[in-house]
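The values are calculated or read from the model by the stated rules, or taken from the named source; none is laboratory data. For clarity, every value in this text was computed on a predicted model and none was experimentally measured. Using ideal geometry, Cβ is built from the backbone for each residue, glycine included, and neighbour counts are taken over all protein chains shown.
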Amino acid sequence: MTIEKSFAADPSFFHILQVPFLAGNPKAALRNIDSVTLSRSEALKLFGTTKVLGRTVTTMRGGEKRDLQVTGVFEDLPKNSHTDLRMVRRFNSAEEDNCPWGCVNGFVYAKLKPGVDVETINGQMQAWRNATCRRSM
């Protein structure tokens with residue numbers, strides 16, 4: 001069976017994007033390198049139930065099999081979300097070494113402190129992007 005919408009994320013992912021969990025602890029769900037979380041729909045598709053904590057999902061990357069332990073099940077995101085999360089696994093920084101330029105990409109989420117003006121941050125993003133892109137070339 002294929003999981004079409006798989007994402008790799010930092011352990012803090014569910015601290016920032018607060019998705020309701022049906023099972024597991026969102027603060028610890030991506031703590032281990034072999035951790036994986038599934039959406040309600042994906043758990044039902046793969047296992048026929050949402051009671052899947054501790055079960056194994058086998059993935060393939062670069063021709064290598066990797067067993068991941070299910071550490072959480074989260075509620076499906078609304079249809080109007082910009083992303084369709086079905087599986088979120090812990091990002092393994094070792095994968096970066098075997099990855100050509102551009103294969104690690106995606107969204108970046110930030111959680112602002114209370115009282116921070118979003119428009120002020122947005123107004124500074126282009127200057128930050130320009131400076132960052134120049135340094136990386």
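Listed here are the residues, each with its yes/no results for (1) among the charged types (D, E, K, R); (2) within 26 Å of Leu22 (Cβ to Cβ); (3) modelled with pLDDT under 85; (4) surrounded by 10 or more Cβ atoms within 10 Å (Cβ to Cβ).
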{"site": "Asp67", "(1), (2), (3), (4)": "yes, yes, no, yes"}
{"site": "Leu77", "(1), (2), (3), (4)": "no, yes, no, yes"}
{"site": "Thr83", "(1), (2), (3), (4)": "no, yes, yes, yes"}
{"site": "Met87", "(1), (2), (3), (4)": "no, yes, no, yes"}
{"site": "Phe91", "(1), (2), (3), (4)": "no, yes, yes, yes"}
{"site": "Lys111", "(1), (2), (3), (4)": "yes, yes, yes, yes"}
{"site": "Glu119", "(1), (2), (3), (4)": "yes, no, no, no"}
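Return the residues of segment 1-29 that are buried (at least 20 other Cβ atoms within 10 Å of the Cβ) and either of a type in the set (Asp, Glu) or more than 16 Å from Thr83 (Cβ to Cβ) (or both); say none if nothing qualifies.
Within segment 1-29, Gly24, Ala29 qualify.
Let me confirm something: among Ile33, Ile3, which residue is under 17 Å from the mean Cα position of the chain (by Cα), assigned to a loop (DSSP other than H, G, I, E, B) and at pLDDT 90 or above? I'd like the intermediate steps shown before the answer.
Working: Ile3 fails: at pLDDT 90 or above.
It is Ile33.
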